[in-house]
Structures are given as C-alpha cells and as structure tokens.
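Right, one structure below, let's go through it.
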Amino acid sequence: MKIGIIGYGSFGKQIQKYLQVEYKKSTYFAFDDSITGKNIYPFENYIEFKEKKLLNKFYIGLGYNNLVTKAKIIDKIPSEILPNYIHETVYFNESSEIGYGTFIFPNVSVDSFVKIGCGVVLNISSVICHDSVIGDCSFLSPSVTICGNVNVGMNCFIGAGSIITNGITIGDNVIIGAGTIVTKNIPSNESIIGNPMRKVKKISLL
C-alpha cells in the first residue's frame, strides 16, 4: 500500500502515526512546502501523483489554519482514493451519515441522525449529539461537545473543550476559541471566545 499525506506538519505526522497502526506495511509519501526529507515532495506535486495513479490512498494532514485550502484539495481528489479514517474506539450510530476524507480520532461519539460532511476532523473525545450537522472541512478540537440539533457550517474551527448548546446555528468560516460556551447563533466569518461568549476581531490558533 502506498499512502499520501497532504500537509506534513504536526497534524500530518499525527495522522501518520494512526495510519501506521492500521496499514503496517505501507509506504508513506508526504506533500509539504516547508519540510524536506525522504519521500517528502513539494505541496503541489500531489496532483501529479494523483493523475499518474502512483498512490492508493490520500489523507489530508492540513490543520485548522488551512481549512479553505483543504476544501480546494478535496474537490480535486476522487472520493475512492480519499477515504475516511474512523478509529476503532469511535461510537458512530448507524443512522448517521459521513462524507469522504474525514478523520475521526479515538473516543469520539456520534449520536443518531447526524450528518458529517467531507474533510471533517473530529478530534479526541468529541461528542456530536442527535440531529446535528457538521459542514465540510470543519475542525473540532479535543473534547468538544455539540449538543442536539446544532448546525455547524463549512470551514469552521471549534477550540478544545467548547460546548455548542442545543439548537444553535453556526455559519461558515467561524472560529470558536477554546472553552467557549456557545448559547447564540453565530453568523459566518466571525470569531468568538469565552463564557459568556463574546465577539473578537481575531483569535490566534497557534
């Protein structure tokens, strides 16, 4: 098995560690502009590898600073070579749906009638309650709780330990800082933080 990882910073390397458990005899190829080394190629070279069918699968190791870029990449890679990774400890209700290219870390719980888009990351110990929607390329940090009937838009980042209360709608390109409790709808392109939550001009994700 030959596997490509697009983006080989800390998140891409973390993904590879999980994949090595499942695909023990695989060879890995990384695509990143800021890192060099064996089997690490310039970022855009993934297109050549894809078109020449040199790799069996791709996984996207782009983290929360590159959600829009991730969305563009997903549009260029067929779903059959951009699979999901769902850790064996995940609870995923059979009534729920998931798009391709999504990575679900250990101890995540996905309740009934949930819809998860393409290229989503659900990090360790996150909980998605019933009838919620997570839009394409959104990134949930560890221990996020999404209560029931919540709608999260595309390209959103939700910081560690945040809670989105029941019935909330979050627009596209929203950033929610760690530990925030969201009790009101959030329009697209806003950044919020805190408890009580407040709007800020910019949140550093580093």
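Can you tell me how many residues within region 135-174 are polar (S, T, N, Q), assigned to a strand (DSSP E or B) and open to solvent by less than 10 Å² (accessible area, probe 1.4 Å)?
Quick first cut of region 135-174, residues polar (S, T, N, Q) only: 138, 141, 143, 145, 149, 151, 155, 162, 165-166, 169, 173.
Adding the requirement that they be assigned to a strand (DSSP E or B) leaves 145, 151, 169.
Next, only the ones that are open to solvent by less than 10 Å² (accessible area, probe 1.4 Å) stay: none.
Within region 135-174, residues that are polar (S, T, N, Q), assigned to a strand (DSSP E or B) and open to solvent by less than 10 Å² (accessible area, probe 1.4 Å) number 0.
In region 101-117, how many residues are under 12 Å from Gly148 (Cα atoms) and open to solvent by less than 10 Å² (accessible area, probe 1.4 Å)?
2
Limited to region 1-49, what total is found for residues that are in a loop (DSSP other than H, G, I, E, B), under 19 Å from Glu88 (Cβ atoms) and open to solvent by less than 100 Å² (accessible area, probe 1.4 Å)?
Result for region 1-49: 3.
Would you point out the residue of region 14-39, among those that are of a type in the set (A, V, I, L, M) and over 19 Å from Thr69 (Cα atoms), that is nearest to the chain's Cα centre (by Cα)? Break it down stepwise before answering.
From region 14-39, those of a type in the set (A, V, I, L, M) are 15, 19, 21, 30, 35; that's our starting set.
Okay, now just the ones that are also over 19 Å from Thr69 (Cα atoms), so 19, 21.
On the way: Leu19: 15, Val21: 20 Å.
Out of the qualifying residues, it is Leu19.
In region 50-61, which residues are surrounded by fewer than 16 Cβ atoms within 10 Å (Cβ to Cβ) and not in a loop (DSSP other than H, G, I, E, B)? Steps first, answer last, please.
Here is the first cut: in region 50-61, the residues surrounded by fewer than 16 Cβ atoms within 10 Å (Cβ to Cβ) are 51-54, 56.
If the condition is that a residue be surrounded by fewer than 16 Cβ atoms within 10 Å (Cβ to Cβ) and not in a loop (DSSP other than H, G, I, E, B), then Glu51 is the only one that fits.
Select, from Tyr91, Tyr64, the only residue that is touching a residue at least 40 places away in the same chain (Cβ under 8 Å), closer than 19 Å to Ile134 by Cβ and open to solvent by 60 Å² or more (accessible area, probe 1.4 Å). Let's see the steps before the verdict.
Details: Tyr91 fails: touching a residue at least 40 places away in the same chain (Cβ under 8 Å).
Going through Tyr91, Tyr64 in turn, just one is touching a residue at least 40 places away in the same chain (Cβ under 8 Å), closer than 19 Å to Ile134 by Cβ and open to solvent by 60 Å² or more (accessible area, probe 1.4 Å): Tyr64.
So in region 175-193, with the set limited to residues that are exposed (fewer than 14 other Cβ atoms within 10 Å of the Cβ) and not polar (S, T, N, Q), which one is nearest to Gly161 (Cα to Cα)?
Checking each candidate, the answer is Lys184.
Criterion first (in contact (Cβ under 8 Å) with a residue 40 or more places away in the chain and out of contact with any helix residue (DSSP H, G or I) (no Cβ under 8 Å at 6 or more places or on another chain)) does Ser10 satisfy it?
Details: in contact (Cβ under 8 Å) with a residue 40 or more places away in the chain: yes; out of contact with any helix residue (DSSP H, G or I) (no Cβ under 8 Å at 6 or more places or on another chain): yes.
It is true that Ser10 is in contact (Cβ under 8 Å) with a residue 40 or more places away in the chain and out of contact with any helix residue (DSSP H, G or I) (no Cβ under 8 Å at 6 or more places or on another chain).
The values are calculated or read from the model by the stated rules, or taken from the named source; none is laboratory data. Remember, it's a predicted structure, so these values are computed and weren't measured experimentally. Glycine gets a Cβ as well: all are built from the backbone with ideal geometry, and neighbour counts include every protein chain shown. To get the accessible areas, we keep the full protein, side chains included, count just its heavy atoms, and leave off ligands, DNA and RNA. Shrake-Rupley method; radii C 1.70, N 1.55, O 1.52, S 1.80 Å.
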